[in-house]
Amino acid sequence: MRAFLFLVNPGLHYNPYPDWERWLPRAEAGKTIRVEWNTGTRRRGMTPGDLAVMVKVGWHPKGTIALGRIASDIWVGPHWNPEAKRPETGFVDLDLTTLLPLDDPFPLANLKLLDPSVRWTPRMCGTEIPVTTAQNLAEIVGAGDD
């Protein structure tokens with residue numbers, strides 16, 4: 001098993017606020033939220049069952065906003081950003097099981113204390129982090145074994 005970071009930047013192409021408002025009550029009721037998410041330049045190395053940690057970047061407050069698992073192999077599709085250098089990017093399905101409010105994430109400062117070796121705000125999705133770090137984060141935010 002491996003663990004990877006996925007990013008949300010409300011200042012870019014996707015504004016997650018309307019979706020998050022619908023998803024939060026579903027997650028609180030114990031339902032899994034299935035979403036497609038990009039993998040940056042990563043085209044291999046992620047497999048179903050790997051851990052997913054979603055981090056809000058770009059706008060304050062920054063920090064972890066969702067946890068879950070990768071639910072598919074990587075596939076290639078049209079890039080979400082029409083101004084990207086490459087017309088295609090990688091994607092995976094994510095099963096999000098724990099969501100935090102976008103305006104009240106698990107803070108970036110706490111993530112840095114949890115594991116100072118991790119670059120918590122990389123420039124793209126698909127950055128691998130230690131599995132134990134993702135598991136410890138899940139315990140802290142109450143996500144059980146996700």
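Read-outs throughout are calculated quantities, based only on the coordinates presented, and are distinct from any laboratory measurement. Note that the structure is predicted; figures quoted are calculated from it, not measured. Cβ: placed from backbone, ideal geometry, glycine included. Neighbour counts: every protein chain shown.
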Residues with beta-carbon under 10 Å from that of R2, excluding R2: net charge, scoring Lys, Arg +1 and Asp, Glu -1?
-> -2
Between K85 and R34, how many nm apart are label points set 7 Å from Cα along the C-beta direction?
-> 3.4
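Output the peptides 3-14, 103-114, 62-73 sorted from most to least packed, where packing is the average of other Cβ atoms within 10 Å over each peptide's residues. Before the final figure, lay out the partial values.
Numbers: 3-14: 18.2, 103-114: 15.5, 62-73: 21.7.
Highest mean packing first, the order is 62-73, 3-14, 103-114.
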Set the Förster distance to 22 Å, then compute FRET efficiency between R44 and L114 from the Cβ-Cβ distance, nearest 0.05.
-> 0.20
Starting from the Cα-Cα distance between V76 and Y17, subtract it from 0.36 nm times their residue separation and give me the gain in nm to one decimal.
-> 18.7 nm
Would you mind putting 83-93, 128-138 in packing order, based on average other-beta-carbon counts within 10 Å, highest first?
-> 128-138, 83-93
Helix-derived mean residue ellipticity, 222 nm - over the chain, DSSP H n ≥ 4, -39500 (n - 2.57), to 500 = -6000 deg cm²/dmol
So, in nm, how far is label D103 from label M124 when the simple model puts each one 7 Å beyond its Cα toward the Cβ?
-> 3.3
Measure off 7 Å from each Cα along the Cα-to-Cβ vector at H60 and I140, then give the distance between these two points in nanometres to one decimal.
-> 2.0
Dipole in debye (nearest 20) - segment 3-140, about Cα centre, beta carbon charges: Lys, Arg +1; Asp, Glu -1 | 340
For segment 99-107, what does the Karplus curve 6.51 cos²θ - 1.76 cosθ + 1.60, with θ = phi - 60°, yield as ³J(HN,Hα) per residue in whole Hz, taken in order and with x for Gly and Pro?
-> 10, 10, x, 4, 9, 9, x, 5, x
Selection from T32, Q135, V118 lying farthest towards where the dipole of segment 3-140 points positive, charges on Cβ | V118
